[in-house]
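The values are calculated or read from the model by the stated rules, or taken from the named source; none is laboratory data. Since the structure is predicted, the reported quantities are computational estimates derived from the model, not experimental observations. Cβ placement follows ideal geometry from the backbone for every residue including glycine, while neighbour counts extend to all protein chains displayed. We work out accessible area using only protein heavy atoms, side chains counted, and drop any ligands, DNA or RNA first. Shrake-Rupley method; radii C 1.70, N 1.55, O 1.52, S 1.80 Å.
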Amino acid sequence: MANAVMTVQTVGEALGRVVGAALAPVAAVMAKARGGRALHPRGTVCAAEVVAAAEDPVLVALAHRLAGGAVVRMSGSLWRRADLPEMLGCAMRLRGPRTLTPEVDPQDQDILFATARAPWAVPLAMLTTAHHDYLQNVYYTIGRMEDAELGRLELRLVPLPIVAPAGAQRGARLRSAMEAGHARLRLELRRLGGMRGSWQPLCEVRLRGPLNVDTRALKFSPYQTGQGLVPRGFLHAMRESIYAAAQAPRAAE
């Protein structure tokens, strides 16, 4: 069982929840107009294996805590079409030894990533993301997270180098890489504080293949924190209401 994190709400988080509640009706209207989710409307859901890969002894316990099976969804942020410039996202549900299904267990940990380093970088990421290929981008949690033992931290996913297939759209490229056993990303952690640390390896995420699940029942939340990684800050607080309002049935890629 993961250690609990003190979750006293900051002023920024309180403001984020107010802004999120104000924007939630807009997200709901967009989802209704689309007949699907307002955000991340199309993607590829994958079965994954998460393997502990920490080299720093301080990170070993967390790495083993997160290891096991995972449901991973790679998606575009805004468009159903895959040929338009945009930011990409990776949503990951760490399920440990449990079956890979859309149903949520209290011990599940959701972590949401996007191809933007920080909130202020989102507009730039819409233009600089390699939107044609999921495995040619680095994905960040954007906002900070908190662990009871490690304190404040950031996470990112770095694809391991592969020879990318040419000509196909990103969904087909991803499936081709999974078939070849090349779809792997390194989960890295950076501790925050008085002196910001360097990025360190935590786990390896191996995408095994498409996962045949009911995507309408698959709803990720930054506040699904069964392994003790708690989202903190304005951005994460704002997302909570918006994601709940925007999560209508999803079209499969």
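Can you list residues whose amide H is under 5 Å from residue 53's amide H, if they're 5+ apart or on another chain and H is modeled 1.01 Å from N?
203, 204
Please work out the FRET efficiency for the pair residue 200 and residue 118, using the Cβ-Cβ distance as r and a Förster radius of 22 Å; give the result to the nearest 0.05.
On the way: r = 19 Å, r/R0 = 0.88.
According to the calculation, E is roughly 0.70.
Can you give me the solvent accessible area of residue 198 with a 1.4 Å probe, rounded to the nearest 10 Å²?
80
Using only alpha-carbon positions, what ratio does the radius of gyration of segment 44-135 give when scaled by 2.2 N^0.38 Å?
Numbers: Rg = 15.3 Å, N = 92, 2.2 N^0.38 = 12.3 Å.
Taking the Cα Rg and dividing by 2.2 N^0.38 Å, one obtains 1.25.
Length gain on complete extension for the stretch residue 64 to residue 216, per 0.36 nm per residue less the alpha carbon to alpha carbon distance? Walk me through the numbers before you get to the answer.
Details: separation 152, 0.36 × 152 = 54.72 nm, distance 3.03 nm.
Once the chain is fully extended between residue 64 and residue 216, it gains 51.7 nm.
Going by accessible area, probe 1.4 Å, with all protein chains left in place, what is the ranking of 87, 92, largest first? Numbers along the way, then the final one.
On the way: 87 25, 92 0 Å².
Result of the area sort, largest leading: 87, 92.
Sticking with the crude label model, points 7 Å out along Cα→Cβ, report the distance from residue 84 to residue 55 in nm, one decimal please.
In this crude label model, residue 84 to residue 55 measures out at 4.2 nm.
Compute the distance in nm between two label points, each set 7 Å from the Cα along the Cα-to-Cβ direction, one at residue 176 and one at residue 22.
Distance between the two pseudo-spin positions: 4.6 nm.
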